[in-house]
Structure formats: C-alpha cells, structure tokens
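Peer 1: Could you have a look at this structure, given as structure tokens, before my questions?
The values are calculated or read from the model by the stated rules, or taken from the named source; none is laboratory data. Values in this document were obtained by computation on a predicted structure and should not be read as measured data. Cβ: placed from backbone, ideal geometry, glycine included. Neighbour counts: every protein chain shown. The area values use the complete protein model at the heavy-atom level, side chains included, leaving out ligands, DNA and RNA. Shrake-Rupley method; radii C 1.70, N 1.55, O 1.52, S 1.80 Å.
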Amino acid sequence: MAVLVTGGAGYIGSHTCLELLQAGCDIVVIDNFMNSSVEVVHRIRKLSGENFQFYNMNLLDRDHLEQIFQKNKIEACIHFAGVKAVGESVRFPLLYYKQNLFSTINLCRVMQKYGVKNLIFSSSATVYGSPEKSPITEDHVLHATNPYGRTKWMIEELLKDLSLSDQDWSITILRYFNPIGAHESGEIGEDPKGMPNNLMPFVTRVAAGEYPMLEIFGDQYPTKDGTCIRDYIHVVDLACGHLKALEKTISARGVDIYNLGTGQGYSVLELVNTFEAVTGMEIPYQISKPRAGDVAICYADVTKAERELGWRAVRGIEEMCRDSWNWQSKNPIGYCSEVKTL
Ligand code: UFG
C-alpha cells in the first residue's frame, strides 16, 4: 500500500517524500512542475536510494488521476499541490480558486470513488488572518485576508463538510507557520522562481550577491526591535510532522487540525543577525515601509500537536540558517544547475 503525495516536488513536499522513503514507506508522487523542477525527483531518488512511481500531471485532469488510482494501491494521500503566492493570488484570483479548489475537489472525488479516505491537507497559518493574540491555538477564529488564504480556509471547510457527510473519512489539516531551512545534504531546498516573496530565500540571495540588499518591511511594529515576529520552522521538522500525522490519520476517523510551528517567535532582525553570525556572510539591509497585509506578531501554540501527534520541532534557528545557506551555496541557480529528463 502506498501513500500518494501531490505536489511532491515542491519545497515541503520534497522533504516529506524523502522522510517517508527513509521511514520505509512506499510512495506515489504527482507534480506538474508549475513551481518546481524535474531535478527534484532525481535528487529524492538519489538521497533515499529508493525508486518510486512519479506522474507529471495537473490535478485538474481527473481522468488521469483516476488512472493513477487504478494502477496503484493507495492507502492515504498527502495533498501539498497548490498555488501559494499571496500577491499573485490578489492579481489572479480566478486562477487561485480554480487551481486550489478544483484540484482538491477532484482529488477527494477520486479518493471517494476508490474507497481511499485517509487525507492530510497542507493548510497554513494564513487562515488566522490578523491573529488577535499569539501563541495562536487551533480554535482561534479564522479570517483570511487574500484569495490565497481564502482558498486554504475554504478547503478546510469543504473537508469538514466531507467528513460530516461520510464518517469513514479521516482528515488531518496541518497549519504550517514559516518553513525555512533545507535538507542537511544541501541537495533539496526551496527554489522560488523569480524574485522571492519570502524572507529567507531573499536573505540567502542577498548573501550570494544576487541582490544588493534586503529590504526590511517596517521597524515600528509593537515588538522588541520594531520588526515583525514569526514562527520559523525547519522544513525537515515540518516533514517529520507529516509522518506523525500520517500514523494518526490512518488509525483515526473524523477531522483533526494541528499547528505545525516551533512555538517560538523571532523578529526579522533576529533572523538576519543569526544568519550573519552562523554563516559569516554579511546581509546589507535597509528599512522600508511596512508591507501591506503583514501582521506584527504570529507564532503557534504547538501543545496540541505535541500531545496528540507526539511531535515537536527539534531544530533551532541556527540550524535553519545554516541549512538554508548550505542549500543556496551548493545550488547558486537552484535546481536549474542540472537539468535531466525523467
Ligand atoms: N520580510 C521582509 N523583507 C522581505 C521579505 C519578508 O522584511 O524581503 C518580512 C515580512 O515583512 C515579515 C517576515 O519577513 O515580517 C516574514 O515574511 P514572509 O514573506 O517570509 O512570510 P509571511 O509570514 O508573510 O507569510 C508566510 C507565507 C504565507 C503563509 C504565512 C503563514 O508566505 O503563505 O507565512 O504564517 F500564509
């Protein structure tokens, strides 16, 4: 029996595939390389020493998805696939609603048809909107502030309704905080196409000399140094959280929701200073005006995941910075440095 991983060539998906293979799991992977590269598949195979079935397809293609369920014995799905850039979602809302909602509906319909009712869904702390307080618990009121966030929120609601309609479903919703870092080998990591939106890939590219300086968006927030506070989590810890969630999903019924973060907040300046200290690289920066939609403080209460999944993040902020830089310096132009076909 295999675990189907959608979006398995993406940043979090690739690290999760590797952890699953190393734990002895059989996996079947789908990706359409919209925001990833075929090279990722080669590297997961190389690092794990394992082969696995891979399909280059868009989840909107329901017939193709059905064929995959016919050919493989699937026991559970981990659904990462989706589009995720906040700014792009504001410019192209129809694309975001279509890609994220329709692909999830297709996946669930095909799962239902083939009697596969164990699902883990990649949600995000974005569903907390502007949180009233941190640490944030899973029962915090939901409020998305952009189309991307609304797709995550709508999918969560859709999955709850699905579970109410058929109690055989076991659905685990994981709300990620801010994943950074990379596999310690430096072989897989985050490879955003074009100018990065997120802090860490921008920092590593400034360190590499690709951009002259980092813009820090605002230093007048009500925090210790005036810059925003986030819950950065090592992507390998996050991947390990999926293995724990998988064990629980397979043995349970109904819907469970978990925050995956460290429970610890760091400011933008603390992250930049730690990166400089750990790597010895200088990050020139300037303070610019706040970015629209940013919240001052956002970090997780992780007690539910600790208690019910038996999981907690173990890698610290230094390791996150070191591994991000190791990935960037080994792959100065990301996965494009080596292109092969499948
Ligand atoms: N920041 C900068 N300069 C940059 C980029 C970011 O100062 O060039 C700051 C932001 O203002 C923010 C912090 O760094 O204070 C983190 O920003 P990111 O863009 O890395 O992350 P966000 O917290 O804004 O958002 C991320 C994901 C969302 C997800 C959210 C969940 O991008 O998809 O975490 O908490 F929903």
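Peer 1: Please state the relative contact order of the chain as a whole percent: Cα pairs under 8 Å, 6+ residues apart?
Peer 2: After rounding, I find 20 percent.
Peer 1: Between Leu142 and Asn198, 0.36 nm times their residue separation minus their Cα-Cα distance comes to what?
Peer 2: Using 0.36 nm per residue and subtracting the Cα-Cα distance, I get 17.9 nm.
Peer 1: Same structure, new question: What's the magnitude of the charge dipole for segment 230-342 around its Cα centre, counting Lys and Arg as +1 and Asp and Glu as -1 at the beta-carbon? Answer in Debye, nearest 20.
Peer 2: Here the size comes out at about 320 debye.
Peer 1: Between Asn58 and Glu210, how many nm apart are label points set 7 Å from Cα along the C-beta direction?
Peer 2: 2.6 nm
Peer 1: Any idea of the accessible area per residue across segment 1-132, 1.4 Å probe, to the nearest Å²?
Peer 2: On a per-residue basis, 40 Å².
Peer 1: Here is a follow-up. Normalising by the residue count of segment 191-278, find the relative contact order in percent from Cα pairs under 8 Å and 6+ residues apart.
Peer 2: The value is 28 percent.
Peer 1: In whole Hz, with x marking every Gly and Pro, tabulate ³J(HN,Hα) for segment 257-264 from phi via Karplus 6.51 cos²θ - 1.76 cosθ + 1.60, θ = phi - 60°.
Peer 2: After applying 6.51 cos²θ - 1.76 cosθ + 1.60, I find 10, 9, 6, 10, x, 9, x, 10 Hz.
Peer 1: Can you work out the accessible area per residue across segment 202-244, with the rest of the protein chains kept in place, probe 1.4 Å, in square angstrom?
Peer 2: 35 Å²
Peer 1: Just to verify a number: FRET efficiency for Ser165 and Glu66, C-beta to C-beta distance, R0 = 30 Å, to 0.05?
Peer 2: That gives a FRET efficiency of 0.90.
Peer 1: When the dipole is taken about the Cα centre of segment 2-330, and only Lys, Arg (+1) and Asp, Glu (-1) are charged at their Cβ, what size is it in debye, to the nearest 20?
Peer 2: 620 debye
Peer 1: Extension gain Asp225-Tyr285, at 0.36 nm per residue separation less the Cα-Cα distance, in nm?
Peer 2: Gain in length upon complete extension: 20.1 nm.
Peer 1: Further question on the same structure: Evaluate the relative contact order of segment 32-135 (contact order divided by residue number), counting alpha-carbon pairs under 8 angstrom at least 6 apart; express in whole percent.
Peer 2: Value for segment 32-135: 33 percent.
Peer 1: Would you kindly work out the equivalent ellipsoid of the chain from its C-alpha gyration tensor and give its semi-axes, the square roots of five times the eigenvalues, largest first in whole Å?
Peer 2: 31, 24, 18
Peer 1: Just subtract the alpha-carbon distance of Lys330 and Glu184 from 0.36 nm times their residue separation and send over the number in nm, one decimal.
Peer 2: Answer, rounded to one decimal: 51.4 nm.
Peer 1: Right, another one. Ignoring any ligand, DNA or RNA, what whole percent of the accessible area of the chain comes from carbon and sulfur when the probe is 1.4 angstrom?
Peer 2: That fraction is 50 percent.
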